[in-house]
Amino acid sequence: IGQLPSWRLSVLLSLTDIFVAESIAVMSVDLGSEWMKIALVKPGVPMEIVLNKESRRKTPVAVCLKENERLFGDSALGVAVKNPKVVYRFLQSILGKTTDNPQVAQYQKHFPEHQLQRDEKRGTVFFKFSDTLQRNFWQPIKDAVITVPAYFNQAERRAVLQAAHIAGLKVLQLINDNTAVALNYGVFRRKDINSTAQNILFYDMGSGSTTATIVTYQTVKTKESGTQPQLQIHGVGFDRTLGGFEMELRLRDHLAKHFNEQKKSKKDVRENLRAMAKLLKEAQRLKTVLSANAEHMAQIEGLMDDIDFKAKVTRSEFEALCEDLFDRVPGPVKEALAAAEMSMDEIEQVILVGGSTRVPKVQDVLLKAVGKEELSKNINADEAAAMGAVYQAAALSKAFKVKPFLVRDAAMFPIQVEFSRETEEEDGIKTMKHNKRILFQRMAPYPQRKVITFNRYMDDFVFYINYGDLGFLSEQDLKVFGSQNLTMVKLSGVGSSFKKHSDAESKGIKAHFNMDESGVLILDRVESVFETIVEEKEEESTLTSKFWKCLSILCVYIHTHTFLNIIKKNYNIMCVCFHRTWKHHFQPVWWWQLRGETDGQKPEEKSDAEKVEEAEADKKSKPQKKSKISEDITVELEVNDVLDPSTEDMEVSKKKLQDLTDRDLEKQEREKTLNSLEAFIFETQDKMYQDEYLAVVTEEEKEQITGKLSEASNWMDEEGYTAGTKELKEKLSELKKLCKAMFFRVEERKKWPDRLAALDSIAASITSSIQRVINETMTWKNETVAEQEKLSPTEKPVLLSKDIEAKRSFLDREVNYL
């Protein structure tokens, strides 16, 4: 492409063709460092791995870009041996990385054939190959769940989402690959999960990295679905560079050393890129074979300068080459236990995942480290992540209904909010105090929402979102991790909100955060919140109803001797109803008698102070309501880790990808037309010598057709293989039109025998059937008439008109049916 930034995995996300007639379908993409697996769910297809063009269940993550051709997967790897400069592999390790990241340098060391350069705007890496560079690519399924390593940080996760967006995918969720494996395991063992917690450790060693994950399974109660199974990630440990690829590199270099020592060539094989690509391919095969055999003969024809190479390698030699790698095998397990605050005694079983766990030495070291009797191998080590992810895709899609399985993932890295504010010391000196507030702890479950409140700001200010304490990472991991600062947040409109609501009580500036299902941190919004107190007036209708209720009681008993008793019983109600309306207007003597005043005199007037005090007390007794007011604050984000591509960059990338796709489609269409034309010429030329074709053409037609075919064949040899699609289609259409009448006559003659035989068969069947009915009817008629002739006209007849009519009707029905 000219410039291919590392985050442009959109090319790789289109590796496998998916043909779907229905519009309702979802998929998962298990995007590993070396291999990719895709699983699909659609109507009538529960969950299955999609086969690629080579009918394989997994596809190499590799893309070839050369001149007018773009290749993927196995096709790209085929080119890698001949021309490694144009094939790009193992891109996951440099995804979302700046050029100063150690993994970029490591990638350059592993693949010296590529030119890596710095993007000046974003600081990321891109491949420089050719300024002139600008698959069977069918409409893909849009909705997808994509797996990512659990240790991917925010920049790496955003990079995958951006690449998917460029590729036109709608990402339902990014799911950690270890979580997808755990989900796949749990879904098929749903009956074994109960309220008792079960802790399982998954050990996943793939091609590029290793992850150990502690998962707890148990049933939990939910408001929406009742009791359901749940998995919760409790601990994760990882090694970014421990995997099968590093072992293969060691074997490759070992084979190169062998070749140089044989001194069959004066050149150093390590300086020949094509030869080293061949050695890497053989090393990959050798690693697999040595997992099942104690020794094996590595051999390559024409490795360099037409020199064949052959060397015996033993498993013990391989293990010696990778001794330091095997020493790192227990590391992720220890980290996972520490993160989960568990011991191995609490782990019920250890399950192997990933292709590189098939190496015997890996299993030996791991078994010793965990102290278990055995390592479990009861899931598909290659496809578990893809199948777990596609189950999640079906659960998230509105088109499918699956049994609920709750997933509680965990954030690998803590995130905190940092801000500074001015404080005044006792001596009056003002200083800036730096504050930190934890937003998400290490291994905090997500998805989860959090709110941070800033209480002491009355004007616009700035705060920062950064990673928290990463002391659990090694020095090398910290270098690979990249920037520990995520985002600077500038707030404007804070001061104006305080001026607007100066009479209200401030409840602080609230920042609403969301760590979504993909593990991506989002600042949803920031608001300035105030609170005011509003008197809540009792509804007049309620007071009125109580008033008339009391008055009705009075009216009923006004002339009875129980009048005072009734008033006494309803004293409390009357106090509420009448207190405000006739407190200062109507105070009869009997009112005060009810309150204990026996002298029949009205009490003395209260002083002004007493009246004020009473009024205040009356005010406090009134119900009060708090009203919340919020003002949205303008937010400006400044990314501090890896800059996101601009809208313009995204559009340019989309256009480049579409141009490549259009070119691929045009190339495919041309090849298809070229093959059709070539096949038509050869097949028709052959038919012109067959009797069935010679029988239906005149000599003049024969000469015309054979002449045109010969002319087209010569044109193909001279110009046809460079002709455009349009010209090829026109040539094919011309020949088909010329031969159409001949083909029609031949096809008609071919169909005659079968069709005529079928016609004869039906006719014979009908004739036979109707003849039987006629014979039976005429036999009945003749016999009955003969018997009737023997009888006297005075006797009861045997030939009845109704029988004759029945026989006629039966015969008529048979004829009509036939």
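Read-outs: derived from the displayed coordinates by stated rules, not from any lab. Because the structure is predicted, anything quoted here is derived from the model rather than measured. So basically every Cβ, Gly included, is an ideal-geometry build from the backbone, and we count neighbours across all protein chains shown.
Observations on the model:
- Calculated over segment 244-327, the projected area of the Cα convex hull averaged across directions stands at 5.1 nm².
- Extension gain from VAL773 to ILE629, taking 0.36 nm per residue of separation minus the Cα-Cα distance: 42.1 nm
- Kirkwood-based shape ratio for segment 45-127, expressed as Rg/Rh from alpha carbons: 1.06
- For LYS401, the lysines whose Cα comes closer than 16 Å to its Cα, not counting residues fewer than 8 places off in the same chain, are LYS42.
- Above-threshold pairs, the threshold being 21 Å between Cα atoms, out of LYS436/LYS628; LYS667/LYS726; LYS37/LYS66; LYS281/LYS368; LYS510/LYS626: LYS436/LYS628; LYS37/LYS66; LYS281/LYS368
- Gyration tensor (alpha-carbon) shape descriptor, segment 380-524, a/c threshold 1.5: oblate
- Shape call, segment 196-302: gyration tensor on alpha carbons, a/c limit 1.5: prolate
- Loop-resident trypsin sites (Lys or Arg not before Pro) (DSSP state other than H, G, I, E or B) in segment 316-400 with no more than 12 further Cβ atoms inside 10 Å of their Cβ: LYS398.
- Spin-label model, VAL652/LEU478: points 7 Å from Cα along the beta carbon direction are separated by 3.6 nm.
- Three-way shape call for segment 647-769 based on the alpha-carbon gyration tensor, with the a/c threshold at 1.5: oblate
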